[in-house]
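K.L.:
Structure provided below as structure tokens; questions to follow.
Just so you know, all these numbers are worked out from the coordinates, no wet-lab data involved. Values in this document were obtained by computation on a predicted structure and should not be read as measured data. Cβ placement follows ideal geometry from the backbone for every residue including glycine, while neighbour counts extend to all protein chains displayed.
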Amino acid sequence: MKRMANVLVMDPVPLMHHGEVLWRNGKRLCDIRAASYGHTVGGAVGLTMLVDNEPITKDYMASGEWQVEIVDELYPCKVSLAPFYDPKNLRVRM
């Protein structure tokens, strides 16, 4: 199964560009397709295409221990199917 997802590195220092490896529960899962620094969320953000044999659901997202590999070091991260900043477009509707 495939799903597009957002990635947020929990450490504000490392930067992502693209091509970094995303790990779930110690297993290499996929790579970051596009990335930048998210000043509004306080860390590097990226987009990835999750590809796994399991169905990619909210439970799948919540049950995993997620890490991103940046320059041979693993950093904890959040992975979400929804955007991290203003997911309901409330700021746009003001």
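K.L.:
Which far-off residues, 5 or more places away or on another chain, put their amide H under 5 Å from the one on TYR37, with H placed in the peptide plane?
P.N.:
VAL45
K.L.:
A further question on this structure: Please compute the net charge surrounding ILE32, taking Lys and Arg as +1 and Asp and Glu as -1 over other residues with Cβ under 11 Å from its Cβ.
P.N.:
Counting the neighbours of ILE32, the net charge comes to -2.
K.L.:
May I pose another question? For the chain, which GluC sites (Glu not before Pro) are both in a DSSP coil and crowded by at most 15 other Cβ atoms within 10 Å?
P.N.:
GLU65
K.L.:
Sorted from largest down, give the three principal axis spans of the alpha carbons of the chain, whole angstrom values.
P.N.:
Between the extreme Cα coordinates on each principal axis of the chain lie 42, 30, 20 Å.
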